[in-house]
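Asks: I'd like to ask you about the structure that follows.
Taken together, the values in this text are just the output of simple stated rules run on the coordinates, not laboratory data. Keep in mind that what you see is a predicted model, and the values were worked out from it rather than measured. Here the Cβ positions follow ideal geometry from the backbone for every residue, glycine too, while neighbour counts run over all protein chains shown.
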Amino acid sequence: MNSPLPPAILIMGPTASGKTAAAMALVDRFPVELISVDSAQVFIDMDVGTAKPDRATLARYPHRLIDLITPEQSYSAARFRHDALAAMAEITAAGKVPVLVGGTMLYFRALLHGLADLPQADAALRAEIDAEAAAEGWPAMHAKLAQLDPATAARLHPTDSQRLQRALEICRLTGRPMSELLAESEKQKPPYDFLSIGLLPSDRAVLHERIARRFDEMLLAGLDDELRMLRGKYDLHPNLPSMRCVGYRQAWEAQEGLISRPELRDRGIFATRQLAKRQITWLTNSFEAETFDCLDPALSERVAARTAEFLAAR
């Protein structure tokens, strides 16, 4: 049955899973345009450590939402959602299909489900709630939350102080239950018929080998030199989002003499493996995606075949 909504394709997966190659194969076969879903590739001049496609590749396979801001600046999930929806609308209006490809699962979630309009933390109110809890105990605070927001209270443990504090804070600041505000955000799904494709490894050890190989390639390609250039060109410090990116964080520590060159490699590979683990957990638990083995030599062909089915059924 044909959907009245325009089509869009999501290709998501952990680092080193072959997302970019699969997406570029779609460009060769279908009327699609690519949108990057990568919180590191938004930074100008950060090329080596983000595994950004090179200029020749980008000339042939343009990606939107790459090279948007300097490493001194910050980019949010809310801004991504705004920028991605605008790009999707332009691509659809041109008669093409947007393909969103990347590994920043928070961005995919923000796109698909919106962002709850929750108030910022209120230090005075938090102190007041903490004082109440100190006097009455967190189980008593849980009982208070159950009166104000039964749905949230039902999923929180009576001693989960951090989440209980936040839920009570939201109720008192807004006069509305947090569960109600979150439910509203869930209604913000974009007006598209999505084909969601998840690339997952059949063997984590092989993905880990890919990760190690790619990090070694980044070191050989000049990750250290790139960071030196960035530090000379921009006013950077280690707590910026750009410098907290995997690879750059470890290279910064090495340049400051905090770790050795071999430690840079080992820590960078370990951190990238941890990132991949988090990405796989997000993908497995938070998205309803059709999964493909990212280690399959015929991955691009399989993704293209599924895309052909999806578009033909419209």
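Asks: Percent of alpha carbon pairs in the chain separated by more than 26 Å?
Replies: Everything past 26 Å amounts to 55 percent.
Asks: Enumerate the amide H contacts of L295 below 5 Å, restricted to partners 5 or more residues apart or on another chain; note that Pro and chain-start residues carry no placed amide H.
Replies: S202
Asks: Scan around D193 for amide H atoms under 5 Å from its own, H built in the peptide plane at 1.01 Å from N, and keep only partners 5 or more places away or cross-chain.
Replies: The answer is A8.
Asks: Using Cα centres only, tell me the gap between region 174-207 and region 264-314 in whole Å.
Replies: 15
Asks: Would you calculate the separation in nanometres between label points at R126 and V27, each defined as 7 Å from the Cα along the Cα-to-beta-carbon direction?
Replies: 4.3
Asks: Calculate how large, on average over all directions, the projected area of the Cα convex hull of region 123-186 is; give the answer in nm² to one decimal.
Replies: Details: hull surface 16.1 nm².
Result: 4.0 nm².
Asks: From Cα pairs below 8 angstrom and at least 6 apart in sequence, can you work out the relative contact order of region 123-186, rounded to a whole percent? List each step's numbers first, then the result.
Replies: Working: 54 pairs, mean separation 19.0, N = 64.
Dividing the mean separation by the residue count of region 123-186 yields 30 percent.
Asks: I've got another one for you. Each label point is 7 Å from the Cα along the Cα-to-Cβ direction; what then is the distance between the points at K96 and Q274, in nm?
Replies: If labels sit at K96 and Q274, their model points lie 3.8 nm apart.
Asks: How much length is gained on full extension from T291 to R172, taking 0.36 nm per residue of separation minus their Cα-Cα distance?
Replies: The T291-R172 span can extend by a further 38.6 nm.
Asks: Show me, for region 278-292, the HN-Hα J-couplings you get by feeding each phi into the Karplus relation (A = 6.51, B = -1.76, C = 1.60, θ = phi - 60°), rounded to Hz, glycine and proline as x.
Replies: Using θ = phi - 60°, the values come out as 5, 4, 5, 4, 4, 4, 6, 9, 10, 10, 9, 10, 7, 9, 10 Hz.
Asks: Would you check the chain for Lys pairs whose C-alpha atoms are within less than 30 Å, ignoring same-chain pairs closer than 8 in sequence, and give me the count?
Replies: Lysine pairs, 8 or more places apart or on different chains, close enough: 14.
Asks: Run the quick spin-label model on L115 and A313: label points 7 Å from Cα toward the beta carbon, then report their separation in nm to one decimal.
Replies: With each label point 7 Å from Cα toward Cβ, the separation is 3.3 nm.
Asks: Largest first and in whole Å, give the semi-axes of region 28-180's equivalent ellipsoid, each being the square root of 5 times a Cα gyration tensor eigenvalue.
Replies: One finds semi-axes of 43, 17, 12 Å for region 28-180.
Asks: So, one more: Show that you can apply the helix-only estimate: for the chain, add -39,500 (n - 2.57) for every DSSP H stretch of four or more residues, divide by all residues, and state [θ] at 222 nm to the nearest 500.
Replies: Numbers: 14 runs with 174 residues, N = 314.
It comes out at -17500 deg cm²/dmol, rounded to the nearest 500.
Asks: Related question: Test of understanding: in a Gaussian network model of the chain with alpha carbons linked when under 10 Å, which of R155, R64, R29 would top the mean-square fluctuation ranking?
Replies: Residue with maximal mean-square fluctuation among R155, R64, R29: R155.
Asks: Using Cα centres only, tell me the gap between region 140-162 and region 1-66 in whole Å.
Replies: 42
Asks: Calculate, axis by axis, the spread of Cα positions in region 8-75 along the three principal axes, and write the results as whole Å, longest axis first.
Replies: Principal-axis extents of the Cα atoms in region 8-75, largest first: 38, 25, 21 Å.
Asks: Assign unit charges at the C-beta atoms only (+1 for Lys and Arg, -1 for Asp and Glu), then state the dipole size of region 42-187 relative to its Cα centre in Debye, rounded to the nearest 20.
Replies: 560
Asks: Another question, then. Can you list the HN-Hα couplings for region 117-131, worked out from phi with the Karplus curve (6.51, -1.76, 1.60; θ = phi - 60°), rounded to whole Hz and with x for Gly and Pro?
Replies: Each residue's phi maps through the Karplus curve to give 7, 9, x, 6, 4, 10, 4, 5, 5, 4, 5, 5, 5, 4, 5 Hz.
Asks: What number comes out for the charge environment of E253, summing +1 per Lys or Arg and -1 per Asp or Glu over other residues with Cβ under 15 Å away? Walk me through the numbers before you get to the answer.
Replies: Details: positive: R228, R231, R244, R249, R261, R265, R267; negative: D224, E256, E263, D266.
Neighbour charge sum, excluding E253 itself: +3.
Asks: Calculate the dipole size of region 123-186 relative to its Cα centre from +1 charges on Lys and Arg beta carbons and -1 charges on Asp and Glu beta carbons; express the result in debye to the nearest 20.
Replies: 40
Asks: Now, a different point. Please identify, among P119, P177, P238, the residue showing maximal mean-square fluctuation in a Gaussian network model of the chain using a 10 angstrom Cα cutoff.
Replies: P119
Asks: Right, here's the next one. Once you charge only the Cβ atoms, +1 for Lys and Arg and -1 for Asp and Glu, what is the size of the charge dipole of the chain about its Cα centre, to the nearest 20 debye?
Replies: About 360 debye.
Asks: For the chain, what's the relative contact order in percent, using C-alpha pairs closer than 8 Å and at least 6 residues apart? Present the calculation step by step, with values, prior to reporting the outcome.
Replies: Numbers: 432 pairs, mean separation 91.2, N = 314.
Reported as a whole number, the value is 29 percent.
Asks: Additional query: So for each of 288-299, 162-173, 14-25, 89-100 I average, over its residues, the number of other beta carbons within 10 Å; can you give me the resulting order with the highest mean first?
Replies: Highest to lowest by the protection proxy: 14-25, 162-173, 89-100, 288-299.
Asks: Assuming R0 = 35 Å, what is the FRET efficiency of R231 and R155, from their Cβ-Cβ distance, to the nearest 0.05?
Replies: According to the calculation, E is roughly 0.20.
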